[in-house]
Amino acid sequence: MLVDNLNIAFKNIKERKSRVFLTFLGISIGIMAIVALMGLGEGMQQAVVGELSSLTDTVIVSTGEISIDSMNAGYSGDNGQFFTDRDIDSISRINGIDSIDPILSGVTSVYFNGETKIITVMGLEPDRMSEIFGIEFLGLESGEFMNEGDRNTCIIGYNVAHDYFDTEIKVGNRIKINDKSFFVNGIYKKQGAGFSTQTDDYIHVTTRDFSDLTGSKDISGILIKVSDVNNVENIAEEIEYKINMNHGDDDFASAITMSSILESIQEILSIIQIMLIGIAAIALVVASIGIMNTMLTSVMERTHEIGVMKAIGARNSDIMSIFLIEGIIISLIGGIVGVTLGIGGAQGLGMASSGFMAEGGGMTLQPIITPLIVLLALSVAILVGMISSFYPARKAAKMSPIEAVRYE
C-alpha cells in the first residue's frame, strides 16, 4: 500500500509542477540559509579555537576586573594601580610557572609629520610580543616583529598608523616618542571593537626602551606561561590570591586564563549562530505556509478523486498518508536543493568575508559543512513538510465519501 501511495503522490506532484516548484523553492531558500549560516558559524569557531589553542597555557594578570571585552584594560594603568617587585617575586615562587613577563605602560607624546598626539605606549619583551600578538587573526598588517636586542624600534596599532595623523604612518617611517626617535618596525592588523587586544590604539616597544623613555618601571600587567595546561586554572587562582594578599585588597588583581577566554568566545559565537539560524528559520515558516496552501488547494481540486478512492475502499489513513507523503516529498526535494545551495553559498560568503577581513587584517574564514549539519537540515525540511501537510491531509481524510463524489 505504501508503494501505491508513493506512486499517487508522485503523480500528483508531476501534474502540478509549477505550483510545486514555487513551494519547494521556499523550502530551498530556508534550508540554504540555515546550512550556510551554520557552516560559517562552525568555521568561525574552528578558526578561533585553532588560533587561541596555542595560548591556553597563558595567564593574564591585570589590576581590577578583567573580562573578554577588556582583556588588557588594566595594562594602561588608568586606574593608578600597579604591580610591584614583591608581586613578581610571589608569583615566581608558585610551582608550575615557566615564565613571567611584566608589561609596562604609560601615556606619552608621539610626534609625526608636524603633529603631536597623546598615545599609550606598552613595554614588553620582543619574544613575548610576537608570541601573544603574532597569531594569524591578530598579527601584523605589514612589517615584522622586533628581535631580541633591537633598540629604538616599535610596533604601532592600526588606528595609530592610519587614523591618528593626517599622513598615514608606514613601516620604515620614524616617529618621535617623548622626543626620542623610533623606527616603525611593524603595524598591527585592525581588530576593531571585537576581541580586544589593545593593539589598535597602542604602541609597543621593548621594556628596556620603555624604561628609557618614561623613567618608569610601573608594571600594569603580567603575562605568565605555565608548564602544565591542566593546572592553569588552579595556578591562576593562586596568583590572584597571593597578589591580593600582598596589597590587602581582595579585588586588587584579576587573573584570567586564555582557556576561559576561549570558552567565553565559543559561548558568544554559539549565541550569535543561534540568533542567525533563528532569523533564517523565518524563511522556513513562510515556506511551511506555502506548503500548507499548496496542499489545501490540492485537496480542494481532488475532492472528487478522494471521494472515489473512499468509495472503492480507501481508508482515512490511506488518504491522509497520500497527502503527508506528498508534502514530505516536496520538502525533501527542497531540502536537498537547499543543502546544495547552502554549501555553495557558505563558500561564497566565506570568500567574501575573508576578503573583507583581509582588508582590515583579520583572519581568513573557511566554512565547515559537517555531515551533522546536512542531516539536521534535511531532518528540518522533512519535519516542516510533515507539519505543514498534516492539516490538509487530515481535512482530506475526514471528507464524506458521498459528498466528495458529488463534488464538481
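The values are calculated or read from the model by the stated rules, or taken from the named source; none is laboratory data. Note that the coordinates shown come from a computational prediction; the quantities given were computed from them, not determined experimentally. A quick note on method: Cβ atoms are made from the backbone with ideal geometry, for glycine too, and the neighbour counts reach across all protein chains shown.
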Boolean, L324 is farther than 20 Å from M32 by Cα and within 20 Å of the chain's Cα centre (by Cα): no
Hits in the stretch 225-245 - residues which are over 14 Å from I97 (Cα atoms) and either surrounded by fewer than 16 Cβ atoms within 10 Å (Cβ to Cβ) or within 29 Å of the chain's Cα centre (by Cα) (or both): Y241, M245
Residue match in the stretch 192-200 (condition: among the polar types (S, T, N, Q), surrounded by fewer than 16 Cβ atoms within 10 Å (Cβ to Cβ), outside any strand (DSSP E or B) and in the same structural domain as A161 (by TED's automatic domain parsing)): no
The listed residue being at pLDDT 80 or above, within 24 Å of the chain's Cα centre (by Cα) and of a type in the set (V, I, T), out of I187, I271: I271
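Just to be sure before I move on: is L262 touching a helix residue (DSSP H, G or I) at 6+ places or on another chain (Cβ under 7 Å) and either at pLDDT 80 or above or not in a strand (DSSP E or B) (or both) in the structure I sent?
Judged against the criteria, L262 is a match.
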Residue that is surrounded by the most Cβ atoms within 10 Å (Cβ to Cβ), among those in the stretch 209-224 that are part of a helix (DSSP H, G or I) and in contact (Cβ under 8 Å) with a residue 60 or more places away in the chain: F210
Residues of the stretch 153-173 satisfying the condition of being in contact (Cβ under 8 Å) with a residue 40 or more places away in the chain and surrounded by fewer than 17 Cβ atoms within 10 Å (Cβ to Cβ): D166, T167, N173
The lone exception for G338 - which of (1) farther than 18 Å from M38 by Cα; (2) surrounded by 13 or more Cβ atoms within 10 Å (Cβ to Cβ); (3) out of contact with any Asp or Glu (no Cβ under 8 Å at 6 or more places or on another chain); (4) of a type in the set (G, A, S) it fails: (1)
Any hit, the stretch 105-118, residues being in contact with a strand residue (DSSP E or B) (Cβ under 8 Å, 6 or more places away or on another chain), at pLDDT below 90 and within 30 Å of V232 (Cα to Cα): yes
